[in-house]
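First the structure, in the form of structure tokens, and then the observations on it.
The values are calculated or read from the model by the stated rules, or taken from the named source; none is laboratory data. What you see is a predicted model; the values in this text were computed from it and never measured. Here Cβ is always computed from backbone atoms with ideal geometry, including for glycine, and neighbour counts include all displayed protein chains.
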Number of protein chains: 2
Amino acid sequence: MRRNRLTAARTICSKHRCTHLLITVASDIEYISGFSSSQAVLLIGPEKNLLFTDFRYQEAARRFCAARRSGWPWRFVPVKGSGFSFLAPYVAPGSAVAFQSDAVTVDELERLKKAVPHARFAGIVREISGLGTVKTDAEAAAMKKAARIGEAAFERFLRQSLRPGITERRAAAMLDCACALLGSERSAFDTIVLFGERTSLPHDRPGGRRLAQGDLVLADFGCTVAGLCSDMTRTAVFGKPSQRQRELYEIVKRAQDAALRAARPGVAARSLDAAARAVIRNAGYGRAFGHALGHGIGRRVHERPRISNRSKEILQEGSVITVEPGIYLPGFGGVRIEDMALLTKRDCRRLTHSPRELVDIQS
Amino acid sequence: MRRNRLTAARTICSKHRCTHLLITVASDIEYISGFSSSQAVLLIGPEKNLLFTDFRYQEAARRFCAARRSGWPWRFVPVKGSGFSFLAPYVAPGSAVAFQSDAVTVDELERLKKAVPHARFAGIVREISGLGTVKTDAEAAAMKKAARIGEAAFERFLRQSLRPGITERRAAAMLDCACALLGSERSAFDTIVLFGERTSLPHDRPGGRRLAQGDLVLADFGCTVAGLCSDMTRTAVFGKPSQRQRELYEIVKRAQDAALRAARPGVAARSLDAAARAVIRNAGYGRAFGHALGHGIGRRVHERPRISNRSKEILQEGSVITVEPGIYLPGFGGVRIEDMALLTKRDCRRLTHSPRELVDIQS
């Protein structure tokens, strides 16, 4: 599998008529080579594929590059000193180096050019991060497992954590703990837990607001398994839902259903957004749904395809997307329902299975 | 306080002979304006200071900019559409826009230039992120509080989490939970917990290694309070320490003491590194301490000054640094002791207070 990924990376390099490909994003390095660290550099060249790390990862990198079967494509080079001067001996004059211009900063590029003045540098955008948009079975299974952990954690959260007077911040911490203890490698992103009227702030940070009877409760969170993310949002009511809460919830759920029904390989991503948006607009809440419907997800929580009304992408079999319509009414509150779906041959299959009925949490 | 920060940002802008300063890093936006989000843009101009956000933060940004006392310097502009075209109406022809070239990617700069072709762009490096290196009393107090939470969590971790057979991954999750439940806003970085011979990998990710009698246990983790980080490492032994474990530990502790004794405003950062390194080298382990001694810490876990043998910086009163020497012996294990210290008028004061004696954890 890794070998296919290396081949795919090489193909991108050739397409840009470059001799070398420089990979500097940790998650891309892990995806292509299998080596995991917080800081390393890969240089894929015409003859050699090099992995550079500093002292902190030296023992790990040495083992990674040495102890494998013959034909192992990676060679370890320890890095001393600062800047990018370690690259110079490995890039012959006249080389052309493709780099990730959507990740390399303006300052880093200047330092690269200074360190390797005899090479030409060519920026490539989103092509490396786009590798892996189509999931292998093993990747889809890991994402399903991440989703399962999230579901179990959320169930525990509803049952055990939500007590009158608990703050959003503490509730979010308890949800994070449940995920971690059930096996999530890390949060896929900063967990959002909001109560009451604050649920109308689609992405606010959990704060000191305390849970009270009748509050909407919105939780948006994700887990990680084998470096792959899950992402799910549920909205519940603490106590008996009011008629309006119920009404908003049902509209959002119908919007999500419409989008999920429209999701299949070959259709335009924006048609899903349109399907969900039409339901919400027809119910009179068009202006209260201001964000995109969803996004691709994998080793990054946000990746291609973008599922918005401006997206020009076509859905592909094997990619995983989120579908997350919402209605946000300042002063009252908001409702969002988010699930992950894997695009299958003919349609799509949800990977998140927490109940989508409006839960009334009994205190 | 925020007003002083805005003034400091403006001074940097003028120094580069620019009319506008574009801030795109979320933590810098929060530091300068007080507005917290995962995505926003600040444009500090000759007449107006603008805060741009998309729908997700619109309600929050509107309130932030509206509900303050008169003279509030920020005006909210909602963003629709993609790219940076929203900036164009606010940057008059002939303007010079300073941007964070250590954070803006090569691709983003191209899109900026396309969106605002009539402006000149000038990169500034580390000056904005360097604001706040010298802490106010309130900032130092928040860091102390973050450290306190970490200490309490670590004590609980030693007492309750470490049982024979627990995996590094689960132990790390339990440490994270303790931090979160004791009030940390989030982990300052991915928590490191390593057991046995794996402690020689200075920064490895917690894995499936299970705790056994006689193992070294290394934990490196940090908490966050008011957006400010703590960072601490402790090494313990599960059971009775061997003579060699004890010996390595004492060397590292002496190295740390030497560096802490050398730490005061006005001295070269590299002299601390040299003081610690000399102790380890004289004990015969010079090659086993391959990383820098420490780093500044604040709203970023790594910030200026860098405390290494190549650092050219001079320590300043009011900055907070980490001092973290280590000895790493592949196949045997490693020892690292890390504390945070605030540089005071004459010397320095430790902000982390977990016992620095070698703890033998009784199972």
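Is it the case that the stretch A:156-167 has a residue that's more than 10 Å from chain B (Cβ to nearest Cβ) and within 25 Å of A:G296 (Cβ to Cβ)? No, there is no match, as no residue in the stretch A:156-167 is more than 10 Å from chain B (Cβ to nearest Cβ) and within 25 Å of A:G296 (Cβ to Cβ).
Conditions tested, residue by residue: (1) closer than 26 Å to B:A153 by Cα; (2) in contact (Cβ under 8 Å) with a residue 12 or more places away in the chain; (3) away from chain B (no Cβ under 14 Å).
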{"position": "A:C177", "(1), (2), (3)": "yes, no, no"}
{"position": "A:V193", "(1), (2), (3)": "yes, yes, no"}
{"position": "A:P206", "(1), (2), (3)": "yes, yes, no"}
{"position": "A:A226", "(1), (2), (3)": "no, yes, no"}
{"position": "A:F238", "(1), (2), (3)": "no, yes, yes"}
{"position": "A:L260", "(1), (2), (3)": "no, yes, yes"}
{"position": "A:R264", "(1), (2), (3)": "no, yes, yes"}
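If only residues of the stretch A:111-138 that are in a helix (DSSP H, G or I) and not small (G, A, S) are counted, the one that is farthest from A:F86 (Cα to Cα) is A:D137. Number of residues in the stretch A:53-102 that are within 11 Å of chain B (Cβ to nearest Cβ), charged (D, E, K, R) and outside any helix (DSSP H, G or I): the value is 3.
Of all residues in the stretch B:139-159, none satisfies being of a type in the set (A, V, I, L, M) and in a loop (DSSP other than H, G, I, E, B).
Determine if the stretch A:37-46 includes at least one residue that is within 14 Å of another protein chain (Cβ to nearest Cβ) and either aromatic (F, W, Y) or surrounded by fewer than 19 Cβ atoms within 10 Å (Cβ to Cβ) (or both). For the stretch A:37-46, residues within 14 Å of another protein chain (Cβ to nearest Cβ) and either aromatic (F, W, Y) or surrounded by fewer than 19 Cβ atoms within 10 Å (Cβ to Cβ) (or both): present. The set of residues in the stretch B:11-36 being part of a helix (DSSP H, G or I) and either crowded, with 20+ Cβ neighbours inside 10 Å or under 24 Å from the mean Cα position of the chain (by Cα) (or both) consists of B:I12, B:C13, B:A26, B:S27, B:D28, B:I29, B:E30, B:Y31, B:I32, B:S33. Restricting attention to the stretch B:278-300, the residues that are more than 11 Å from every other protein chain (Cβ to nearest Cβ) and either small (G, A, S) or within 18 Å of the chain's Cα centre (by Cα) (or both) total 12. Applying the condition of being of a type outside the set (D, E, K, R), crowded, with 18+ Cβ neighbours inside 10 Å and outside any helix (DSSP H, G or I) to the stretch B:179-191 and asking which residue is farthest from the other protein chains (Cβ to nearest Cβ) yields B:A188.
Here B:E317 meets the list (1) part of a loop (DSSP other than H, G, I, E, B); (2) at pLDDT below 95 almost entirely, failing just condition (2). A:A173: surrounded by 18 or more Cβ atoms within 10 Å (Cβ to Cβ), within 11 Å of another protein chain (Cβ to nearest Cβ), in a helix (DSSP H, G or I) and more than 19 Å from the chain's Cα centre (by Cα), yes or no? Yes: the conditions hold for A:A173. Residues in the stretch B:106-120 that are touching a helix residue (DSSP H, G or I) at 6+ places or on another chain (Cβ under 7 Å) and within 19 Å of A:L109 (Cα to Cα): 2 in all. Of all residues in the stretch A:74-91, those that are closer than 21 Å to B:N309 by Cα have Cβ atoms under 8 Å from Cβ atoms of residues that are among the polar types (S, T, N, Q) and surrounded by 12 or more Cβ atoms within 10 Å (Cβ to Cβ), 6 or more apart or on another chain, in A:P78/A:T53; A:P78/A:Q58; A:V79/A:T53.
Table: residues versus (1) among the acidic types (D, E); (2) within 14 Å of A:A259 (Cβ to Cβ); (3) assigned by TED's automatic domain parsing to the domain that holds A:T233.
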position	(1), (2), (3)
A:K312	no, no, yes
A:E324	yes, yes, yes
A:Y328	no, no, yes
A:A341	no, yes, yes
A:T344	no, no, yes
A:D347	yes, yes, yes
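Condition test on A:A115, is it aliphatic (A, V, I, L, M), closer than 26 Å to B:Q100 by Cα and out of contact with any strand residue (DSSP E or B) (no Cβ under 7 Å at 6 or more places or on another chain)? It is true that A:A115 is aliphatic (A, V, I, L, M), closer than 26 Å to B:Q100 by Cα and out of contact with any strand residue (DSSP E or B) (no Cβ under 7 Å at 6 or more places or on another chain).
Each residue in the stretch B:293-310 was checked for being more than 16 Å from B:D257 (Cα to Cα), buried (at least 22 other Cβ atoms within 10 Å of the Cβ) and among the aliphatic types (A, V, I, L, M), and 1 of them qualify.
Set side by side, the residues A:I297, A:I307, A:I337 differ, and just one is out of contact with any Lys or Arg (no Cβ under 8 Å at 6 or more places or on another chain) and at pLDDT 95 or above, which is A:I297. For the stretch B:259-276, enumerate the residues that are touching a strand residue (DSSP E or B) at 6+ places or on another chain (Cβ under 8 Å) and assigned to a helix (DSSP H, G or I). If the condition is that a residue be touching a strand residue (DSSP E or B) at 6+ places or on another chain (Cβ under 8 Å) and assigned to a helix (DSSP H, G or I), then B:A259, B:L260, B:A269, B:R270, B:L272, B:D273, B:A276 are the ones that fit.
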